[in-house]
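*Asks:* One structure follows; several queries about it will come next.
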Amino acid sequence: MNSPGPSLVDRSGHRYPADQPRWRGDNGGPLVFEPLPGIGREQIDAAVNSQWRYRAALPDPLARIDPVTLGEGRTPLINRTFDGIDVGLKLESMNPTGSFKDRGVAVMVTALRHHGIDRALEDSSGNGGSSVAAYCAAAGIEAHILVPAATSPNKIVQSRWHGAHIELVSGTRQEVADEAVRRADTTFYASHNWHPHFLQGIKLIAYEIWEDLGFRSPAAVLVPAGAGSLVLGCATGFGELYRAGEIERVPRILVSQPENCCPLVTALEQGSAEVVEKQWATTVAEGTAIAQPVRDREVLQAIRDSGGAAVAVPEDELLPAVGELARTGLFVEPTSAQVVPALRQLRAAGEISAADTVVAVLTGSGLKAGHLLATV
């Protein structure tokens, strides 16, 4: 740790050294890295067939130290057409543990190992927990994961086989997160929703989409959002590419949430700077069932700054969307499939046109939601 690298910044503008293990600011709010300059195509390490080919875009010392990696990233981008709308689908189910979370967790766990953390606490509705379990196993870090009791059994099984200590907690996804924060005084809290290094990994999907498209930016990126890490990752990564002079504009960030739990959509419609506390109904799109996103202010601002939009998908359209994608050969969980009806809503609202290059992110495998899909 010879060089501290860029600083971490909280919402008040207070700066913290990034070479110390820290998951939130002294004011209790989330942290982000100060803006980084981005990289050009000449700085891509083409010999590396994973997201670490873009490691030069990461803050020091992550650009220089050995990563904890399972080969995450470099997922396919394939084309599909829905009602005349051509869209590129980024297949994040092809990541090692079956979801996009591997991108952020690989970078986060690399930082944890570098900081000497040997025991970590996480809370998750499934994908984040199984990813943390796998990467902690690869790093030799003891993982303790709190999960909602109603979490998909397949996700819990995966985490247990990786050797993580799993505790089922009664209550909502938000109540599980609150319980994890209460325990953070005794075990380092390696929350993928809080830890600033997680977003540094997620931002690499923007670099990858840029390379996938022949070093061009799409007109829009459509992502399902719960905590909103994909929103912030895209905003950060494409923002860096813009500052580096590699793209002419940052793509619009379009967001899908299930109607049964859509606090970000509601806040945008109301012109609010943050989400309003509210009890939401359950949804089969469990990965986006987050009532109070930790970084709500930043996510909402990123959508607005990009000129983006957000839509809520009715619950009765989620499982049919899984089937529609499956009949094109793509098996994803309901959380991911919601982008298809969202795409139609956005087209009907005039937010996208047939001339736009649109990339939609399919965040996780249908194998993660077997209990939800087996009875259909």
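*Asks:* Applying the selection to the range 185-200, what residues are touching a residue at least 40 places away in the same chain (Cβ under 8 Å) and surrounded by fewer than 17 Cβ atoms within 10 Å (Cβ to Cβ)?
*Replies:* The one that is touching a residue at least 40 places away in the same chain (Cβ under 8 Å) and surrounded by fewer than 17 Cβ atoms within 10 Å (Cβ to Cβ): Thr187.
*Asks:* Would the range 59-73 turn up any residue that is surrounded by 12 or more Cβ atoms within 10 Å (Cβ to Cβ) and not in a loop (DSSP other than H, G, I, E, B)?
*Replies:* The answer is no; no qualifying residue exists.
*Asks:* Considering Gly163, Gly171, which residue is farther than 21 Å from Gly233 by Cα, assigned to a loop (DSSP other than H, G, I, E, B), open to solvent by 10 Å² or more (accessible area, probe 1.4 Å) and at pLDDT below 90?
*Replies:* None of the other options fit; the residue is Gly171.
*Asks:* Quick one: would you say Val157 is β-branched (Val, Ile, Thr), more than 13 Å from Lys101 (Cβ to Cβ) and assigned to a strand (DSSP E or B)?
*Replies:* Judged against the criteria, Val157 is not a match.
*Asks:* Could you check how many residues of the range 27-57 are charged (D, E, K, R) and part of a loop (DSSP other than H, G, I, E, B)?
*Replies:* 2
*Asks:* Determine whether Glu315 is touching a residue at least 40 places away in the same chain (Cβ under 8 Å), of a type outside the set (Val, Ile, Thr) and open to solvent by 30 Å² or more (accessible area, probe 1.4 Å).
*Replies:* In short, yes.
*Asks:* Of the numbered conditions (1) open to solvent by 20 Å² or more (accessible area, probe 1.4 Å); (2) part of a helix (DSSP H, G or I), Val322 fails exactly one; give the number of that condition.
*Replies:* Condition (1) is where Val322 drops out.
*Asks:* Does the range 201-237 hold any residues that are open to solvent by less than 10 Å² (accessible area, probe 1.4 Å), closer than 21 Å to Pro37 by Cβ and under 15 Å from the mean Cα position of the chain (by Cα), and which are they?
*Replies:* Hits for the range 201-237 are Gly201, Ile202, Lys203, Leu204, Ile205, Ala206, Tyr207, Glu208, Ile209, Gly233, Cys234, Gly237.
*Asks:* Give me the residue from the range 247-283 that is in a loop (DSSP other than H, G, I, E, B), crowded, with 20+ Cβ neighbours inside 10 Å and β-branched (Val, Ile, Thr) and, out of that set, modelled with the lowest pLDDT.
*Replies:* Within the range 247-283, the match that is modelled with the lowest pLDDT is Thr283.
*Asks:* Next up: For residues in the range 1-40 being under 18 Å from Arg113 (Cα atoms) and among the small types (Gly, Ala, Ser), which is surrounded by the most Cβ atoms within 10 Å (Cβ to Cβ)?
*Replies:* Ala18
*Asks:* Which count do you get for residues in the range 328-376 that are outside any loop (DSSP other than H, G, I, E, B) and surrounded by 14 or more Cβ atoms within 10 Å (Cβ to Cβ)?
*Replies:* Residues meeting the conditions: 28.
The values are calculated or read from the model by the stated rules, or taken from the named source; none is laboratory data. Because the structure is predicted, anything quoted here is derived from the model rather than measured. Note that each Cβ is placed from the backbone with ideal geometry, even for glycine, and that neighbours are counted across all protein chains shown. Each accessible area value is taken on the protein alone, full model and side chains, heavy atoms only, with ligands, DNA and RNA left out. Shrake-Rupley method; radii C 1.70, N 1.55, O 1.52, S 1.80 Å.
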